[in-house]
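To start, the structure itself, in structure tokens.
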Amino acid sequence: GVITLLFLVVEPEAVDCEPPQHQFVKPLNEGKPLLGPNYEPDKNEALSIWSALKIPGVLEFALCLFFAKFVSYIFLFWLPMYLKDLSKNSGPMHFSNEKAADYCTLFDVGGIVGGILAGVISDRGGTRGLTCTVMLILAVPTLWVFRRYGGEDLAHLLGLMLLTGALVNGPYALITTAVSADLGNHEQLKGNQKAKATVAAIIDGTGSLGAALGPYVTGQGLKHANWDVVIYIMMGCLFVAALLLLRICVKEILLLPQRRARYTTGTLHVQLP
């Protein structure tokens, strides 16, 4: 770069060379409109927040994401401290702060696997809500097992962290991606492309509120109680998140025979009820 800056000749005349003779040829399509004669501007108006909330499924998935991120971000911020406290009270396990931080990455690894599984299962069956609900319900007893048996030995701890991460972060990943896209293309919007950002912002914004409150509530809870109370709060949040999708689950279960037939013929199109 420095050699080019110092020695590159800017103009041919500087080294006694004739400038090149270029012949300008006018393009054949110059002057024609780029968008074509049949282009019509998008006349759809941007969707209001109140109108977006009336779309079936937006409010349920937004509140579900609130509780899912509430729990997920508690693990994100407080899991190293939990493991450190667990090692102090556990006979067979004693590890430093660095080791505790390293082991916490297994929760994220489980979240990656859970997100992939949630996407594959929901695509094959066309059941976004049912997939999220089943994973959230399974996460409730898994949290109890994690608290009760996670301190037995290192193998139990690491395995339960992987499983908990998959069941907690799987629905979280599915809602923020595929579900938001499906709701943005809901038939009630009648092809209004300006509604996608509003729907996604409502869902992600509500989830971000849960992400902010989760670590704060945990800190306040540990001041006046112990980890058992925090675990029970997380279990309650996951259970409420699953209940919020109950209406969608019932409709998806009723539509399962039709979707299964469409999947076998290769014409399945996911549409949230």
Practice item. Provide D228, D182, D16 ordered by accessible surface of protein heavy atoms (probe 1.4 Å), highest first. Key: D16, D228, D182
Check your understanding: So, in Å, what gap is there between the alpha-carbon centers of region 145-187 and region 199-217?
Key -> 17 Å
Exercise for review: Take the alpha-carbon positions of region 49-137, form their convex hull, and give its projected area averaged over all directions (one quarter of the hull surface) in nm².
Suggested key: 7.8 nm²
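The values are calculated or read from the model by the stated rules, or taken from the named source; none is laboratory data. Just so you know, these numbers come straight off a predicted model, no measurement behind them. All accessible areas refer to the heavy atoms of the entire protein, side chains included, with ligands and DNA or RNA removed. Shrake-Rupley method; radii C 1.70, N 1.55, O 1.52, S 1.80 Å.
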